[in-house]
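The values are calculated or read from the model by the stated rules, or taken from the named source; none is laboratory data. Fair warning: this is a prediction, and the values are worked out from it, not measured in the lab. Cβ placement follows ideal geometry from the backbone for every residue including glycine, while neighbour counts extend to all protein chains displayed.
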Amino acid sequence: MTGALLAPSEGEPFQIERADGRSPVILVCEHASCTIPASLSTLGVKPDTLTSHAAWDIGALATARKLSALLDAPLIHQRFSRLVYDCNRPPDAADSIPERSEVHAIPGNRDLPDAARQQRVAEIYEPFRQALADLIAARTAPARQTVIVTIHSYTRVYFGVERHRAIGLLHDRDRRLADAMLALAEENGISNTMRNYPYGPDDGVTHTLRLHAVQHGLLNVMIEYCSDLIDTDQGQDEWAKRTARLLETALQRFHIDLYEAGPQQA
């Protein structure tokens, strides 16, 4: 292709909501959208693929927005499908621009020239990465620890195998917040959860946590909801409220008040 990947009318590849939210938590939703830039048409995929879990994390953005409102927390999310570029993968990862997602072929990503790959990195990944880094830097102060929480969903049936857990709590080498949440999940109305489920660090799914939280010593966790629990407004409300309660009690173990405003940022 020639010219820009994104037309000016399509806007930025990311969106930040509640940038001035006073919670110590920053919410991140890398797989929020199933939108394909007009310049890429449909990537050659079948129509049902463009609305399937292959293209986005179903219910994740709506749940993240409700959680953002409950916590008064900033939320940053990607505005284009992970089939274009998966912002939870580094540029050197083979699945950052997938040629196949589960049973779905992505012809428009097959044998992609290096220049086209680099264009997607430059126009999708790098702006998202930089915006998140800037958001964290603007809010982190010595007297107040910023907490990174990424919001995802997974499909109930994957390659024909049914997954039976409600949610997974994922971490990389920093397991502090995940440990606290797992220990407190049952008493906060969340049962049937599991550590690093249905994926884990070895699957490459903790890139955002590694890059933006772990190396800076920030508390962090990745939450994976089974998508059939959050594919309705009622389900999104319910799980956002449960998650808010769980985060509140877990962060108390680190002497962080989820609803207490920290020092004003310049």
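Structure summary
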quantity	calculated
Whichever residue in segment 162-176 is under 22 Å from D86 (Cβ atoms) and hydrophobic (A, V, I, L, M, F, W, C) and, among such residues, is surrounded by the fewest Cβ atoms within 10 Å (Cβ to Cβ)	L169
Candidate set from segment 119-145 (those that are polar (S, T, N, Q) and either assigned to a strand (DSSP E or B) or at pLDDT 95 or above (or both)); member that is surrounded by the most Cβ atoms within 10 Å (Cβ to Cβ)	Q119
Segment 106-118, residues that are in a helix (DSSP H, G or I) and either under 16 Å from the mean Cα position of the chain (by Cα) or not basic (K, R) (or both)	P107, G108, N109, D114, A115, A116, Q118
Any hit, segment 87-106, residues being touching a helix residue (DSSP H, G or I) at 6+ places or on another chain (Cβ under 9 Å), of a type in the set (K, R) and surrounded by fewer than 16 Cβ atoms within 10 Å (Cβ to Cβ)	yes
Qualifying positions in segment 209-264 - farther than 27 Å from F128 by Cβ and basic (K, R)	K241, R242, R245, R253
Out of V214, V149, sole residue that is in contact with an Asp or Glu (Cβ under 6 Å, 6 or more places away or on another chain) and in contact (Cβ under 8 Å) with a residue 24 or more places away in the chain	V214
Tabulated pairs, segment 190-208, first under 22 Å from L246 (Cα atoms), second hydroxyl-bearing (S, T, Y), C-beta under 6 angstrom, 6+ apart or interchain	P198/Y154; T208/T150
Any hit, segment 247-265, residues being in a strand (DSSP E or B) and either on the phi < 0 side of the Ramachandran plot or among the hydrophobic types (A, V, I, L, M, F, W, C) (or both)	no
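Conditions (1) more than 27 Å from Y85 (Cβ to Cβ); (2) in a loop (DSSP other than H, G, I, E, B), marked per residue:
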{"residue": "A178", "(1), (2)": "no, no"}
{"residue": "M181", "(1), (2)": "yes, no"}
{"residue": "E187", "(1), (2)": "yes, no"}
{"residue": "S191", "(1), (2)": "yes, yes"}
{"residue": "Y199", "(1), (2)": "no, yes"}
{"residue": "R210", "(1), (2)": "no, no"}
{"residue": "L218", "(1), (2)": "no, yes"}
